[in-house]
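Novice: Here it is: the structure, laid out below.
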Amino acid sequence: MARFQTRLGPIYTGPNGLLQPVADLVKLLFKEDIIPEHVDKKIYVIAPMAAFIPATLSIVVIPFGSSITIFGREIDLVLSDLNVGVLYVFAITSIGVYSIILSGWSSNSKYSLLGSIRSSAQMISYEVSMGLAVVSVVLVSGSLNLNTIVAHQENLWHIFSQPVAFMIFLVCGIAETNRAPFDLPEAESELVAGYHTEYSAMKFGMFFVGEYANMITVSAMATTLFLGGWQGPGDSGILSMLWFAIKVFIFLFLYLWLRATLPRFRYDQLMNFGWKVLLPLAILNVLVTSAVVLII
């Protein structure tokens, strides 16, 4: 971020400050865990866990490489190869909305409540368009299995056959993870720190770990659905994992790039863009894709 904006940043933790996120996490681990008196304590404690657990569970069905052979045994580089992997990811990640609503409600704070309402409305709104973008990919590949979708892109990545769906998925993915320029739930000038205003220590850290885990999940899904997953020159074994990691890193870099360069949207602009631009475009793309699949 500092390099993007030509300013000084934290440069003393690790080489060129690369270990600063680790230092921040360690700091949160050792901070005092304060629970304000005015909160609903049970829900207040459960909410951060409800944000962290779905974010980490969603990545288990994403294939991060081709199979490797160890001691004569072939092992698939995916923790759980579900036939409905796409549905699983959407189902698990959508649970994260409840943690945001619960955190805002239990905090008994107007800033937290308004931040949670903004965030949940934003996530639900953009989830519809994102789902329709994925439907287009499913129609083309003919499967909900992520390994099958990767195999279908052997000759042509979906980013070329479904460019509109890719752009919709990319924009919705940024909005789903509440990252700039769609980070309205954390607009400091309006809502202090959003729905985690009243949280401290590792409870606060769980929200951010969950948020970054969601960024990795969205990047991994974009790689799997549109960039051929682990496919690349010499895509076997360890090398396939390297290709997958490079593609995911490109999307994570894009998150930082957008955060450093674009200003924050107004809330009405955000919702209008989601419902009046992306949703009609996603529906039109599904209809066109369906017609093409039927004709071909």
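The values are calculated or read from the model by the stated rules, or taken from the named source; none is laboratory data. Keep in mind it's a predicted model, so treat the numbers as computed, not measured. Methodologically, a virtual Cβ is constructed for each residue, glycine included, from the backbone with ideal geometry; neighbour enumeration extends over all protein chains shown.
One line per residue, one yes/no per condition, for (1) in a strand (DSSP E or B); (2) without any contact (Cβ under 8 Å) to a residue 60 or more places away in the chain; (3) more than 16 Å from ILE53 (Cβ to Cβ); (4) among the hydrophobic types (A, V, I, L, M, F, W, C):
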| residue | (1), (2), (3), (4) |
| --- | --- |
| GLY65 | no, no, yes, no |
| GLU74 | yes, yes, yes, no |
| LEU79 | no, yes, no, yes |
| GLY104 | no, no, yes, no |
| TYR111 | no, no, yes, no |
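Novice: Being buried (at least 19 other Cβ atoms within 10 Å of the Cβ) and either of a type outside the set (Ser, Thr, Tyr) or touching a strand residue (DSSP E or B) at 6+ places or on another chain (Cβ under 7 Å) (or both) is the requirement here; does LEU113 meet it?
Specialist: So LEU113 fits the description; yes.
Novice: So, one more: Can you find, within segment 150-174, the residue that is farthest from SER119 (Cα to Cα) among those that are free of Cβ contacts under 8 Å to residues at least 12 places away in the same chain and not in a loop (DSSP other than H, G, I, E, B)?
Specialist: ALA151
Novice: Let me ask something else. Given SER67, SER103, SER107, SER80, which one is more than 22 Å from ILE174 (Cα to Cα) and touching a His at 6+ places or on another chain (Cβ under 9 Å)?
Specialist: The unique qualifying residue is SER107.
Novice: On the basis of being closer than 19 Å to ILE59 by Cα and among the β-branched types (Val, Ile, Thr), does VAL134 make the cut?
Specialist: On the way: closer than 19 Å to ILE59 by Cα: yes; among the β-branched types (Val, Ile, Thr): yes.
Spelling it out, VAL134 is indeed closer than 19 Å to ILE59 by Cα and among the β-branched types (Val, Ile, Thr).
Conditions tested, residue by residue: (1) modelled with pLDDT under 80; (2) among the acidic types (Asp, Glu); (3) surrounded by fewer than 16 Cβ atoms within 10 Å (Cβ to Cβ); (4) more than 23 Å from MET206 (Cβ to Cβ).
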| residue | (1), (2), (3), (4) |
| --- | --- |
| ALA23 | no, no, yes, no |
| LYS31 | no, no, yes, no |
| HIS38 | no, no, yes, no |
| LYS41 | no, no, yes, no |
| PRO63 | no, no, no, yes |
| ARG73 | yes, no, yes, yes |
| VAL78 | no, no, no, yes |
| TYR98 | no, no, yes, no |
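Novice: With more than 27 Å from TRP243 (Cβ to Cβ) and under 16 Å from the mean Cα position of the chain (by Cα) as the only criterion, which of PHE52, PHE30 stands out?
Specialist: PHE52
Novice: Shifting gears a bit: Let me confirm something: among MET215, MET241, which residue is under 26 Å from GLU127 (Cβ atoms) and at pLDDT 85 or above?
Specialist: Being under 26 Å from GLU127 (Cβ atoms) and at pLDDT 85 or above holds for just one of MET215, MET241, which is MET215.
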